[in-house]
Amino acid sequence: MATAVITGSARGIGAAIAQRLAKDGFDIALNDISEKSFENNDIVEKIKALGVKCQVYIADVSDSAQVEETVKKIKEDFGTIDVLVNNAGITRDGLLARMSEENYDLVIAVNQKSVFNMMKNVAPIMMKQRSGRIINMSSVAGVHGNAGQFNYSASKAAIIGMTKSASKELGSRGINVNAIAPGFIKTPMTDQLTDQQKKAILDLISMRRYGEVEEIAGVVSFLAGPDSSYVTGQVIEISGGLSM
Ligand code: NAD
(Lines give C-alpha, C1' and ligand atoms only; values in the text may rest on other atoms or scores of the structure.)
Protein backbone atom coordinates (compact mmCIF):
# COMPACT_ATOMS: atom_id res chain seq x y z
CA MET A 1 0.00 0.00 0.00
CA ALA A 2 1.29 3.49 -0.85
CA THR A 3 1.63 6.09 1.90
CA ALA A 4 0.77 9.79 1.92
CA VAL A 5 2.04 12.24 4.55
CA ILE A 6 0.07 15.47 4.98
CA THR A 7 1.37 18.22 7.29
CA GLY A 8 -1.09 20.39 9.24
CA SER A 9 -3.87 17.91 8.56
CA ALA A 10 -6.02 18.02 11.72
CA ARG A 11 -8.45 20.42 10.06
CA GLY A 12 -9.14 22.64 7.05
CA ILE A 13 -7.57 21.92 3.66
CA GLY A 14 -5.12 19.36 5.11
CA ALA A 15 -7.90 17.25 6.63
CA ALA A 16 -9.81 17.29 3.32
CA ILE A 17 -6.70 16.23 1.42
CA ALA A 18 -6.08 13.39 3.88
CA GLN A 19 -9.64 12.11 3.44
CA ARG A 20 -9.48 12.35 -0.34
CA LEU A 21 -6.13 10.52 -0.54
CA ALA A 22 -7.53 7.85 1.80
CA LYS A 23 -10.47 7.42 -0.62
CA ASP A 24 -7.86 7.04 -3.38
CA GLY A 25 -6.40 4.12 -1.38
CA PHE A 26 -3.37 5.71 0.31
CA ASP A 27 -2.43 4.88 3.88
CA ILE A 28 -2.34 8.19 5.72
CA ALA A 29 0.19 9.77 8.09
CA LEU A 30 -1.47 12.82 9.64
CA ASN A 31 0.55 15.59 11.25
CA ASP A 32 -0.27 18.62 13.34
CA ILE A 33 1.44 20.80 15.91
CA SER A 34 -0.27 19.49 19.07
CA GLU A 35 -2.49 16.72 20.44
CA LYS A 36 -5.03 19.46 21.11
CA SER A 37 -5.57 19.88 17.36
CA PHE A 38 -7.08 16.38 17.28
CA GLU A 39 -9.40 16.85 20.29
CA ASN A 40 -13.14 16.81 19.43
CA ASN A 41 -12.09 15.78 15.95
CA ASP A 42 -13.05 12.54 14.17
CA ILE A 43 -10.60 12.77 11.26
CA VAL A 44 -8.72 9.60 12.27
CA GLU A 45 -11.95 7.56 12.57
CA LYS A 46 -13.23 8.91 9.24
CA ILE A 47 -10.03 7.87 7.48
CA LYS A 48 -9.86 4.43 9.12
CA ALA A 49 -13.48 3.85 8.09
CA LEU A 50 -12.27 4.06 4.49
CA GLY A 51 -10.26 0.87 5.09
CA VAL A 52 -6.75 2.34 5.12
CA LYS A 53 -4.11 2.70 7.83
CA CYS A 54 -4.02 6.08 9.59
CA GLN A 55 -1.65 7.36 12.26
CA VAL A 56 -1.09 10.76 13.87
CA TYR A 57 2.39 12.30 14.25
CA ILE A 58 2.59 15.36 16.47
CA ALA A 59 5.41 17.69 15.38
CA ASP A 60 6.09 21.34 14.78
CA VAL A 61 7.19 21.20 11.14
CA SER A 62 9.23 24.39 11.50
CA ASP A 63 11.57 22.51 13.88
CA SER A 64 14.18 20.54 11.94
CA ALA A 65 14.94 18.07 14.77
CA GLN A 66 11.25 17.22 15.25
CA VAL A 67 10.82 16.74 11.51
CA GLU A 68 13.85 14.46 11.21
CA GLU A 69 12.55 12.28 14.05
CA THR A 70 8.98 12.24 12.67
CA VAL A 71 9.91 11.31 9.11
CA LYS A 72 12.11 8.49 10.45
CA LYS A 73 9.18 7.22 12.52
CA ILE A 74 6.72 7.39 9.58
CA LYS A 75 9.15 5.43 7.37
CA GLU A 76 9.53 2.78 10.10
CA ASP A 77 5.75 2.53 10.64
CA PHE A 78 4.62 2.56 6.99
CA GLY A 79 7.65 1.22 5.08
CA THR A 80 7.43 3.82 2.27
CA ILE A 81 6.58 7.48 1.76
CA ASP A 82 5.07 7.93 -1.68
CA VAL A 83 3.29 11.28 -1.41
CA LEU A 84 4.25 14.30 0.68
CA VAL A 85 1.82 17.20 0.96
CA ASN A 86 3.39 20.24 2.63
CA ASN A 87 0.19 21.90 3.79
CA ALA A 88 0.85 23.33 7.30
CA GLY A 89 0.67 27.10 7.31
CA ILE A 90 -0.26 30.15 9.37
CA THR A 91 -1.00 33.83 8.87
CA ARG A 92 0.09 36.81 11.00
CA ASP A 93 -1.25 39.54 8.74
CA GLY A 94 -0.36 43.19 8.95
CA LEU A 95 0.96 46.03 6.86
CA LEU A 96 4.71 46.04 6.21
CA ALA A 97 5.39 49.27 8.14
CA ARG A 98 3.72 47.85 11.25
CA MET A 99 4.85 44.23 10.99
CA SER A 100 6.89 42.95 13.93
CA GLU A 101 10.10 41.04 13.30
CA GLU A 102 8.64 38.25 15.45
CA ASN A 103 5.62 37.82 13.14
CA TYR A 104 7.84 37.97 10.06
CA ASP A 105 10.18 35.27 11.40
CA LEU A 106 7.34 33.05 12.66
CA VAL A 107 5.48 32.96 9.33
CA ILE A 108 8.69 32.29 7.40
CA ALA A 109 9.60 29.47 9.80
CA VAL A 110 6.20 27.74 9.79
CA ASN A 111 5.28 28.22 6.13
CA GLN A 112 8.64 28.14 4.39
CA LYS A 113 11.33 26.45 6.50
CA SER A 114 8.90 23.61 7.20
CA VAL A 115 8.87 22.79 3.48
CA PHE A 116 12.68 22.62 3.47
CA ASN A 117 12.64 20.46 6.62
CA MET A 118 10.10 18.00 5.21
CA MET A 119 11.58 17.78 1.71
CA LYS A 120 15.15 17.39 3.00
CA ASN A 121 14.12 14.32 5.02
CA VAL A 122 11.56 12.79 2.63
CA ALA A 123 13.39 13.31 -0.69
CA PRO A 124 16.18 10.76 0.11
CA ILE A 125 13.51 8.13 0.85
CA MET A 126 11.76 8.86 -2.46
CA MET A 127 15.13 8.94 -4.31
CA LYS A 128 15.90 5.42 -3.06
CA GLN A 129 12.42 4.29 -4.19
CA ARG A 130 12.96 6.13 -7.50
CA SER A 131 9.40 7.42 -7.25
CA GLY A 132 7.41 9.98 -5.33
CA ARG A 133 5.11 12.96 -5.47
CA ILE A 134 5.60 16.18 -3.54
CA ILE A 135 2.82 18.77 -3.44
CA ASN A 136 3.53 22.12 -1.79
CA MET A 137 0.79 24.49 -0.64
CA SER A 138 1.54 27.98 -1.93
CA SER A 139 -1.14 30.67 -2.33
CA VAL A 140 -2.35 33.26 -4.81
CA ALA A 141 -0.68 35.71 -2.37
CA GLY A 142 2.66 34.12 -3.28
CA VAL A 143 1.98 34.44 -7.02
CA HIS A 144 0.44 37.93 -7.14
CA GLY A 145 1.36 39.49 -3.77
CA ASN A 146 -1.23 40.83 -1.33
CA ALA A 147 -1.36 44.04 0.70
CA GLY A 148 -1.27 43.20 4.41
CA GLN A 149 0.38 39.82 3.82
CA PHE A 150 4.05 40.78 3.33
CA ASN A 151 5.36 37.88 5.44
CA TYR A 152 2.81 35.35 4.18
CA SER A 153 3.33 36.26 0.48
CA ALA A 154 7.11 36.03 0.96
CA SER A 155 6.79 32.53 2.41
CA LYS A 156 4.37 31.38 -0.29
CA ALA A 157 6.48 32.84 -3.13
CA ALA A 158 9.53 31.04 -1.71
CA ILE A 159 7.60 27.78 -1.85
CA ILE A 160 7.22 28.27 -5.61
CA GLY A 161 11.00 28.69 -6.01
CA MET A 162 11.60 25.63 -3.84
CA THR A 163 9.10 23.60 -5.89
CA LYS A 164 10.68 24.54 -9.22
CA SER A 165 14.25 23.92 -8.02
CA ALA A 166 13.36 20.58 -6.42
CA SER A 167 11.50 19.47 -9.55
CA LYS A 168 14.72 20.04 -11.53
CA GLU A 169 16.86 18.19 -8.98
CA LEU A 170 14.51 15.26 -8.47
CA GLY A 171 12.83 14.73 -11.86
CA SER A 172 15.43 12.22 -13.08
CA ARG A 173 14.76 10.16 -9.92
CA GLY A 174 11.09 9.72 -10.76
CA ILE A 175 9.89 12.37 -8.30
CA ASN A 176 7.35 14.99 -9.38
CA VAL A 177 7.21 18.24 -7.40
CA ASN A 178 4.33 20.67 -7.90
CA ALA A 179 2.69 23.54 -6.04
CA ILE A 180 -0.91 24.54 -5.55
CA ALA A 181 -1.90 28.18 -5.14
CA PRO A 182 -5.38 28.36 -3.59
CA GLY A 183 -7.42 31.55 -3.62
CA PHE A 184 -9.99 32.07 -0.86
CA ILE A 185 -11.04 28.69 0.56
CA LYS A 186 -13.54 28.39 3.45
CA THR A 187 -11.50 27.16 6.45
CA PRO A 188 -10.74 28.22 10.05
CA MET A 189 -7.84 30.27 8.59
CA THR A 190 -10.09 32.46 6.42
CA ASP A 191 -12.77 32.62 9.15
CA GLN A 192 -10.41 35.04 10.93
CA LEU A 193 -11.05 37.73 8.26
CA THR A 194 -13.64 40.45 8.88
CA ASP A 195 -16.93 40.45 6.93
CA GLN A 196 -15.70 43.55 5.13
CA GLN A 197 -12.49 41.79 4.03
CA LYS A 198 -14.46 38.70 2.93
CA LYS A 199 -16.88 40.82 0.86
CA ALA A 200 -14.00 42.71 -0.81
CA ILE A 201 -12.39 39.40 -1.84
CA LEU A 202 -15.70 37.98 -3.15
CA ASP A 203 -16.00 40.91 -5.56
CA LEU A 204 -12.65 39.91 -7.11
CA ILE A 205 -13.61 36.26 -7.73
CA SER A 206 -14.96 35.54 -11.24
CA MET A 207 -17.07 32.65 -9.94
CA ARG A 208 -18.52 34.91 -7.16
CA ARG A 209 -18.12 32.26 -4.47
CA TYR A 210 -15.44 31.05 -2.08
CA GLY A 211 -13.73 27.71 -2.67
CA GLU A 212 -14.46 24.50 -0.77
CA VAL A 213 -11.69 22.38 0.77
CA GLU A 214 -12.75 19.43 -1.41
CA GLU A 215 -11.93 21.52 -4.51
CA ILE A 216 -8.31 21.72 -3.38
CA ALA A 217 -8.25 18.05 -2.38
CA GLY A 218 -9.42 17.01 -5.87
CA VAL A 219 -6.42 18.64 -7.53
CA VAL A 220 -4.07 17.14 -4.94
CA SER A 221 -5.59 13.75 -5.77
CA PHE A 222 -4.72 14.34 -9.45
CA LEU A 223 -1.14 15.41 -8.59
CA ALA A 224 -0.69 12.39 -6.30
CA GLY A 225 -2.15 9.94 -8.83
CA PRO A 226 -1.09 8.28 -12.08
CA ASP A 227 -2.65 10.84 -14.46
CA SER A 228 -0.10 13.52 -13.51
CA SER A 229 2.97 11.36 -14.25
CA TYR A 230 4.41 13.96 -16.69
CA VAL A 231 3.49 17.07 -14.66
CA THR A 232 6.28 18.62 -12.59
CA GLY A 233 7.54 22.06 -11.53
CA GLN A 234 4.08 23.58 -11.99
CA VAL A 235 2.01 25.98 -9.90
CA ILE A 236 -1.71 25.32 -10.20
CA GLU A 237 -3.96 28.19 -9.11
CA ILE A 238 -7.31 27.10 -7.68
CA SER A 239 -9.08 30.36 -7.08
CA GLY A 240 -12.34 30.53 -9.02
CA GLY A 241 -10.64 33.14 -11.20
CA LEU A 242 -9.54 35.45 -8.37
CA SER A 243 -7.78 38.46 -9.88
CA MET A 244 -5.66 40.27 -7.31
P1 NAD B 1 -5.99 26.02 8.86
O2 NAD B 1 -5.48 27.07 9.80
O3 NAD B 1 -7.43 25.68 8.89
O4 NAD B 1 -5.14 24.68 9.03
C5 NAD B 1 -3.74 24.70 9.12
C6 NAD B 1 -3.30 23.53 10.00
O7 NAD B 1 -1.86 23.60 10.12
C8 NAD B 1 -3.87 23.61 11.43
O9 NAD B 1 -4.42 22.37 11.80
C10 NAD B 1 -2.66 23.99 12.26
O11 NAD B 1 -2.71 23.52 13.60
C12 NAD B 1 -1.52 23.34 11.47
N13 NAD B 1 -0.22 23.93 11.80
C14 NAD B 1 0.06 25.24 12.02
N15 NAD B 1 1.35 25.39 12.34
C16 NAD B 1 1.91 24.15 12.34
C17 NAD B 1 3.20 23.66 12.61
N18 NAD B 1 4.21 24.48 12.94
N19 NAD B 1 3.43 22.33 12.51
C20 NAD B 1 2.42 21.48 12.19
N21 NAD B 1 1.17 21.90 11.92
C22 NAD B 1 0.91 23.21 12.00
O23 NAD B 1 -5.54 26.53 7.42
P24 NAD B 1 -6.08 26.12 5.95
O25 NAD B 1 -6.92 27.23 5.46
O26 NAD B 1 -6.58 24.72 5.94
O27 NAD B 1 -4.70 26.21 5.16
C28 NAD B 1 -3.92 25.09 4.78
C29 NAD B 1 -2.80 25.56 3.86
O30 NAD B 1 -3.36 26.17 2.70
C31 NAD B 1 -1.90 26.62 4.49
O32 NAD B 1 -0.56 26.42 4.06
C33 NAD B 1 -2.44 27.92 3.92
O34 NAD B 1 -1.47 28.93 3.89
C35 NAD B 1 -2.82 27.46 2.53
N36 NAD B 1 -3.81 28.34 1.90
C37 NAD B 1 -5.06 28.48 2.43
C38 NAD B 1 -5.97 29.32 1.79
C39 NAD B 1 -7.36 29.51 2.29
O40 NAD B 1 -8.11 30.30 1.68
N41 NAD B 1 -7.80 28.84 3.33
C42 NAD B 1 -5.58 30.03 0.65
C43 NAD B 1 -4.30 29.87 0.15
C44 NAD B 1 -3.42 29.01 0.78
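The values are calculated or read from the model by the stated rules, or taken from the named source; none is laboratory data. Nothing here was measured: the structure is a model prediction, and the numbers come from that model. Accessible surface is based on the protein model in full, side chains and every heavy atom, while ligands, DNA and RNA are left aside. Shrake-Rupley method; radii C 1.70, N 1.55, O 1.52, S 1.80 Å.
See the values below:
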quantity	calculated
Protein accessible area in region 3-238, 1.4 Å probe - carbon and sulfur %	51
Helix-derived mean residue ellipticity, 222 nm - over the chain, DSSP H n ≥ 4, -39500 (n - 2.57), to 500	-13000 deg cm²/dmol
Percent antiparallel among DSSP beta bridges (both partners in the chain, rounded to 5)	5
Residues of type lysines that residue 128 reaches as a straight line, Cα spacing below 26 Å, ignoring anything fewer than 8 places off in the same chain	53, 72, 73, 75, 113, 120, 164, 168
Reachable lysines from residue 186, criterion Cα separation under 16 angstrom, eight or more residues apart if same chain	198, 199
Highest-fluctuation residue, 215, 101, 169 considered, GNM on the chain with Cα pairs under 10 Å	101
Solvent-accessible heavy-atom area per residue, rounded to whole Å², over region 3-238 at 1.4 Å	48
Among 195, 27, 77: highest mean-square fluctuation, GNM of the chain, C-alpha pairs under 10 Å	195
Heavy-atom SASA rank of 105, 227 (probe 1.4 Å, accessible area, largest first)	227, 105
Relative contact order of region 3-238, defined on C-alpha pairs under 8 angstrom at six or more residues apart (%)	20
Helix 114-129 axis, angle to the chain major axis (alpha carbon atoms, nearest 10°)	30
